[in-house]
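Here the structure comes first, spelled out in structure tokens, and everything after it is commentary.
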Amino acid sequence: MLFETRAGPVRLRWNDRGLSAIEMPELSPRELRAELAKQNGTPAPAFVQHAARLLKSHLGGAPQDLSRLPLDLTVLAPFQRAVYEAIRDLPPGRTSTYGEIASRLGKPGGSRAVGQALGRNPFLVVVPCHRVLGAGGAPGGFSAPGGVVAKQRLLALEGVTIAVDHGLPFDPVEAVDHLRDRDKALGRLIEKVGPFRLRPAALQSPFEALAESIVYQQLNGKAAASILARVVALFRPRRFARPQDLLEMPEKKLRGAGLSRNKLLALKDLAAKTLDGTVPASCAALEKLSDGQIIERLTAVRGIGPWTVEMLLIFRLARPDVLPVTDYGVRKGFALLRKQKDLPPPKALLAYGERWRPYRSIASWYLWRILDL
């Protein structure tokens, strides 16, 4: 039995002894629709329907007592069964650590074994492995889609707050909740797409990142990667060209690597403006600048426009409040979200996006995702 909840799809499996699996499958919207359409056969038993109602309410923000749902634990190894029974004894709002569970079972030092048992938990939410934390309150892992963010949300339903290092300069759960509250249409899209999953790509240096952007402009990925590889090969054994190396390289060799005249001039200008300090030389120096300062400095480079810098701000620096109003995907996603035939003018999108502050980058990510639907 598959059904939708606020936390995503949930699938129940059962036999005569009770529920044999409670899964949270990571399905695309198309896969979800196809599976839901197949469910026109014999109704599920009453205990399964009851479980579905409780889980839907629980994951929708109204905590329920799930401790009485019947589970078939007979297929589990003895230690795994003991771990699950101990976890089910944890009441809502209470947490324990892997080490504490191991000690309770007479296995001091067995925290790794407890973690392995929970990593194979077939009864998500009902065997509340989200209530088990690492030493010192570290969030640890979580096997459901969304990972630690999903664990954090399930605990939040029970009034428990844990600090999570998302690798982001903002809390994605807080950002998503803010967008839900400020824009109901976007909130419905968020429910379909699921947790915010963007994580910043590594930024080698501003010079390298912008050089790659210039090479990739107006080319498909394969062709651009081939040209970039030939350009980089000119500067071996260095991993990548330095600004001074690029300025000293004869234009004939750069053109021979596949660069157009305009891209060659753009790369030379980028190198010169890196050396004169217009483009910060290091990531640390770039991080100290505001979004507006970064856009102003980097668009001074030939061939670098606002859109290129906005993509760097979102995907490399993980700045939370960037709205690329000229981006086709964002404009198309907004038109689909609002059920409009025409793409919104950039000014209109900018005005509407004021309600998303200070998380317009996260809103943009969800607008890109609507194209996947």
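The values are calculated or read from the model by the stated rules, or taken from the named source; none is laboratory data. As the structure is a computational prediction, the values presented were derived from the model and not from experiment. Note that each Cβ is placed from the backbone with ideal geometry, even for glycine, and that neighbours are counted across all protein chains shown. For accessibility, only protein heavy atoms count, side chains too; no ligands or nucleic acids. Shrake-Rupley method; radii C 1.70, N 1.55, O 1.52, S 1.80 Å.
As a calculated quantity, the FRET efficiency between R112 and S57 at R0 = 41 Å, using C-beta atoms, amounts to about 0.75.
In the list (i) 21.3; (ii) 23.1; (iii) 24.0, the label attached to Kirkwood radius over Cα pairs in Å as derived from the coordinates here is (iii). Counting only residues at least eight positions apart within a chain, or on another chain, the lysines with an alpha carbon under 18 Å from that of K184 are K192, K339. So what is the relative contact order for the chain, in percent, with contacts set as C-alpha pairs under 8 Å and at least six apart? It comes to 13 percent, rounded to a whole number.
All other residues whose Cβ lies under 14 angstrom from that of V75 are scored, Lys and Arg at +1 and Asp and Glu at -1, for a net of +2. Rounded to the nearest whole Hz, the Karplus-based 3J(HN,Hα) values (6.51 cos²θ - 1.76 cosθ + 1.60, θ = phi - 60°) of region 113-124 follow the sequence 5, 5, x, 5, 5, 6, x, 10, 4, x, 10, 4, with x at glycine and proline. Could you look at the chain and say what percent of its accessible area is carbon and sulfur, using a 1.4 Å probe and all protein chains? Heavy-atom surface of the chain belonging to carbon and sulfur, 1.4 Å probe: 52 percent. Database remark: amide H of F123 closer than 5 angstrom to the amide H of I22 (H placed geometrically; neighbours at sequence offset of 5 or more, or on other chains; Pro and chain starts carry no H). Taking 7 Å steps out from each Cα toward its Cβ at D177 and E287 produces label points 2.6 nm apart.
Solvent-accessible surface of the chain, taken per residue with a 1.4 Å probe and all protein chains present: 50 Å². Have a look at L286, P345, Y216 and report the one farthest towards the positive end of the charge dipole of the chain, computed about the Cα centre with Cβ charges (Lys/Arg +1, Asp/Glu -1). Positive-end residue among those listed: Y216. Provide the net charge surrounding Q340, with neighbours chosen by a C-beta distance below 12 Å and charges set as Lys +1, Arg +1, Asp -1, Glu -1. So the environment of Q340 carries a net charge of +4.
If we count every other residue with Cβ under 12 angstrom of R104's Cβ, Lys/Arg +1 and Asp/Glu -1, where does the sum land? Net local charge, R104 excluded: -2.
For region 11-116, applying the loop criterion from DSSP together with a ceiling of 13 other beta carbons within 10 Å to the trypsin sites (Lys or Arg not before Pro) yields R17, K38, R68, R94. For L19, the residues whose modelled amide H falls within less than 5 Å of its own, excluding neighbours fewer than 5 places apart on the same chain, are L71, D72. Taking the C-alpha atoms only, the angle from helix 221-233 to the longest principal axis of the chain is near 60 degrees. In straight-distance terms, cross-link reach from K252 covers every one of the lysines whose alpha-carbon lies under 26 Å from its own, apart from those fewer than eight places away in the same chain; here that gives K222, K263, K268, K273. Taking amide H atoms as placed 1.01 Å from N in the peptide plane, the amide H of L259 has no partner under 5 Å among residues 5 or more positions away or on other chains. For region 90-103, 3J(HN,Hα) computed residue by residue from phi via the Karplus equation (6.51, -1.76, 1.60; θ = phi - 60°) reads 6, x, x, x, 10, 10, 9, 10, 4, x, 5, 5, 4, 5 Hz, glycine and proline entered as x.
As a calculated quantity, the FRET efficiency between N220 and E354 at R0 = 30 Å, using C-beta atoms, amounts to about 0.25.
Computed from backbone phi, the HN-Hα couplings of region 312-323 come to 5, 4, 7, 8, 10, 9, 6, 6, x, 10, 10, 10 Hz, rounded to whole numbers (Karplus: 6.51 cos²θ - 1.76 cosθ + 1.60, θ = phi - 60°; Gly and Pro given as x). Considering only beta bridges that DSSP places wholly inside the chain, some 70 percent are antiparallel. With the helix formula -39500 (n - 2.57) applied to DSSP H stretches of n ≥ 4, the chain reaches a computed 222 nm mean residue ellipticity of -14500 deg cm²/dmol.
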